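See below for the structure under consideration.
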Amino acid sequence: MVKNSFISGIPQEEKNKGSAEFQVFSFTNKIQRLTSHLELHKKDYLSQVGLRKILGKRQRLLAYLSKKNRVRYKKLIDQLDIREPKTR
């Protein structure tokens with residue numbers, strides 16, 4: 001599973017749940033769960049709203065991380081296989 005390989009890839013001092021990487025990882029897991037739920041339940045509009053909120057939170061965290069530490073951001077994007085947002 002992706003979860004175990006990612007957790008072991010995080011250095012020991014960054015395994016705290018407050019780090020931006022861990023939060024993005026957690027949001028990514030929630031997004032994957034909600035996406036698979038919505039494939040079965042297409043009219044579950046409350047879950048759609050929740051998914052959009054989590055996507056926004058993850059997007060803001062990734063923007064913060066890319067400004068603060070570009071190397072950690074790139075590594076996280078590669079590990080979680082997330083597309084980079086389009087720049088305007």
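The values are calculated or read from the model by the stated rules, or taken from the named source; none is laboratory data. Please read these numbers as outputs of a predicted model, since none were measured by experiment. Don't worry about glycine lacking a Cβ; one is built from the backbone with ideal geometry, like all the others, and counts go over all protein chains shown. These accessible areas exclude ligands, DNA and RNA; they are computed on the full protein's heavy atoms, side chains included. Shrake-Rupley method; radii C 1.70, N 1.55, O 1.52, S 1.80 Å.
Is one or more of the residues making up segment 65-72 of a type in the set (S, T, N, Q), modelled with pLDDT of 95 or more and either part of a helix (DSSP H, G or I) or open to solvent by 100 Å² or more (accessible area, probe 1.4 Å) (or both)? No, segment 65-72 has no match at all.
Each row is one residue, and each column tells you yes or no for (1) modelled with pLDDT under 95; (2) surrounded by fewer than 10 Cβ atoms within 10 Å (Cβ to Cβ).
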| site | (1), (2) |
| --- | --- |
| Gln32 | no, no |
| Glu39 | no, yes |
| Leu51 | no, no |
| Leu76 | yes, no |
| Asp81 | yes, yes |
